[in-house]
Amino acid sequence: MKFEDYNFDPKVKKGLALMGFKRPTDIQYKSIPNILNGEDLLAVAQTGTGKTAAFAIPVIDLIYQKKKSRKRAGGVACLVLAPTHELAVQIGEAFSAIAKYTPVKTVALIGGVDQDPQIQQLQEGADIVVATPGRMFDLISQGHLQTHSIEILVLDEADHMLDLGFIQDIRDLMRKLPRRRQTLFFSATINDKIKKVAYSLVKQNAIRIQLSPKDPVAKNIDHAVLFVEADHKRFFLERVIVENPDAKVLAFVRTKVRAERVAKAMERVGIPALAIHGDKDQEGRSEVLRQFKTGETNLLIATDVAARGIDIPDIEIVINYDLPEEPENYVHRVGRTGRGKRRGNAYSFCSEEERKTLAEIQGFLDKEIKVLEIDKFEYSDTINIERDRTNDYRALIEEIEAFEDRKKKRKRKK
């Protein structure tokens, strides 16, 4: 079935054609009819399978049909909640692109930036609001965002939105919304506890759609693990970059400080790198993503703040420089590559200290991750890669100084 065969308004179809959407993905094919019928929905599908469009397309068509028939009195008709700034902006852009030829207006409300332009957009009229919880509640409390007309509530990355940090906020929000509303949950992963919470917030006849539940990692992603010492990870990252000079690479680390250190380590060996994490302000994060998206810099070092917010189709390689502490985040991280019909590669660098974490990830996936075997000669060549550079002896000097320090300590002991 093609999108042109759906009973969407021609202006919605025109927007889809402009974006190159021809046929629905599995999650879109299964979700769209239920949403158009006004059903509550809990949809779980792999990353990169088109979940945003699965709810954006029918929501836009529903709102536009009502605007045309004058069945709406005005006000915000749909509220979409996302856990991160980047994801909220991305969803807002998708809504605006699909609705380009319609009068349906979308506003993105995120923290970390001046709220006045957002308030101005709300005052000019918004049909769809995409927001992060903090900024949303701020504008509700100030009276700038009215909730009485909301007909559809969407929770994207529902597992994270319903996690302990957000669940009370969601319940508080529910009390502010009309009882007669449609509620949609979309996520790549969801556990039994979160599933129970989700069903407590929707109608009894809610529809559940779950695709590929046994393997949450998409089939077009080849993922593997390499066993390396923690201090040698930077050499293996450098090797991946050197062997794939034109590839767009996203590497995930555990902490904000580590993100900056790894980026600087790559810069020292002549590899341009950017870092993105929670300590950067929104303007800085947006600029980093812009440079990465346009290819000005092809290596991005990120904390998990970016795992659920980056939708850049041409990321060819994802690297778990550090394994994620939460097994679910492995799925969200590797899902940044292999988007749509593209193939992608994901490599995990596992140190001895991380073997327990690896076992937990494999337990979550319910299968073992393929191991990339490295013989001792190949390993040695990789960690000595910097010694072959004629323009940078910093690493070698550091190793010599460390060796001399050890010699001095041994002499003292004698």
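The values are calculated or read from the model by the stated rules, or taken from the named source; none is laboratory data. Quantities reported herein were computed from a predicted structural model and do not represent experimental measurements. Cβ placement follows ideal geometry from the backbone for every residue including glycine, while neighbour counts extend to all protein chains displayed.
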Residue within the stretch 66-84 that is closer than 24 Å to LEU173 by Cβ and charged (D, E, K, R) present: yes
Residue selected from the stretch 312-333 under the condition at pLDDT below 90 and touching a Gly at 6+ places or on another chain (Cβ under 9 Å), by the criterion nearest to HIS223 (Cα to Cα): PRO327
Considering residues of the stretch 331-377 that are surrounded by 17 or more Cβ atoms within 10 Å (Cβ to Cβ), touching a helix residue (DSSP H, G or I) at 6+ places or on another chain (Cβ under 9 Å) and of a type in the set (Val, Ile, Thr) only, the residue nearest to HIS160 (Cα to Cα): VAL331
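Tell me which residues, restricted to the stretch 28-51, are touching a residue at least 60 places away in the same chain (Cβ under 8 Å) and over 25 Å from ASP192 (Cβ atoms). Walk me through it before giving the result.
Here is the first cut: in the stretch 28-51, the ones touching a residue at least 60 places away in the same chain (Cβ under 8 Å) are 30-31, 34-35, 38-51.
The answer is GLY38, GLY50.
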Residue in the stretch 176-197 that is in contact (Cβ under 8 Å) with a residue 24 or more places away in the chain, in a loop (DSSP other than H, G, I, E, B), among the hydroxyl-bearing types (Ser, Thr, Tyr) and under 21 Å from ALA88 (Cα atoms) present: yes
Those residues of the stretch 38-84 which are in contact with a helix residue (DSSP H, G or I) (Cβ under 7 Å, 6 or more places away or on another chain) and within 18 Å of LEU145 (Cα to Cα), in sequence order: ARG72, ALA77, CYS78, VAL80, LEU81, ALA82
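Quick one: which residue in VAL80, VAL104, VAL76, VAL129 is at pLDDT 90 or above, in contact with an Asp or Glu (Cβ under 8 Å, 6 or more places away or on another chain), outside the structural domain of ASN329 (by TED's automatic domain parsing) and not in a loop (DSSP other than H, G, I, E, B)?
Details: VAL104 fails: not in a loop (DSSP other than H, G, I, E, B); VAL76 fails: not in a loop (DSSP other than H, G, I, E, B); VAL129 fails: in contact with an Asp or Glu (Cβ under 8 Å, 6 or more places away or on another chain).
The conditions single out VAL80.
Could you tell me how many of the residues in the stretch 33-57 are under 22 Å from the mean Cα position of the chain (by Cα) and part of a helix (DSSP H, G or I)?
Of all residues in the stretch 33-57, those under 22 Å from the mean Cα position of the chain (by Cα) come to 41-57.
Then keep just the ones that are part of a helix (DSSP H, G or I); that gives 51-57.
Looking only at that region, the number is 7.
Go through the stretch 318-361 and give me each residue that's assigned to a loop (DSSP other than H, G, I, E, B) and of a type in the set (Lys, Arg). Spell out how you get there, then give the answer.
Filtering the stretch 318-361 down to residues assigned to a loop (DSSP other than H, G, I, E, B) leaves 321-326, 335-343, 351.
If the condition is that a residue be assigned to a loop (DSSP other than H, G, I, E, B) and of a type in the set (Lys, Arg), then ARG336, ARG339, LYS341, ARG342, ARG343 are the ones that fit.
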Residues that are within 20 Å of ILE35 (Cβ to Cβ), of a type in the set (Phe, Trp, Tyr) and over 24 Å from the mean Cα position of the chain (by Cα), drawn from the stretch 75-107: none
Criterion: surrounded by 16 or more Cβ atoms within 10 Å (Cβ to Cβ), under 20 Å from GLY278 (Cα atoms) and of a type in the set (S, T, N, Q) - qualifying residue of THR102, THR132: THR132
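So, of the residues in the stretch 363-381 that are outside any helix (DSSP H, G or I) and either in contact (Cβ under 8 Å) with a residue 60 or more places away in the chain or not assigned by TED's automatic domain parsing to the domain that holds GLU229 (or both), which turns out to be farthest from SER351 (Cα to Cα)?
Filtering the stretch 363-381 for residues outside any helix (DSSP H, G or I) gives 366-375.
The next check asks that each one be either in contact (Cβ under 8 Å) with a residue 60 or more places away in the chain or not assigned by TED's automatic domain parsing to the domain that holds GLU229 (or both); those that pass are 366-367, 369-372, 374.
Details: ASP366: 21, LYS367: 20, ILE369: 15, LYS370: 16, VAL371: 13, LEU372: 14, ILE374: 14 Å.
Selected residue: ASP366.
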Enumeration of residues in the stretch 241-262 that are more than 16 Å from ALA230 (Cα to Cα), in contact with a strand residue (DSSP E or B) (Cβ under 8 Å, 6 or more places away or on another chain) and assigned to a helix (DSSP H, G or I): ILE241, GLU260
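Go through the stretch 263-293 and report how many residues are farther than 26 Å from ASP114 by Cβ and part of a loop (DSSP other than H, G, I, E, B).
Step one: list which residues in the stretch 263-293 are farther than 26 Å from ASP114 by Cβ, which gives 263-273.
Then keep just the ones that are part of a loop (DSSP other than H, G, I, E, B); that gives 269-273.
Qualifying residue count for the region: 5.
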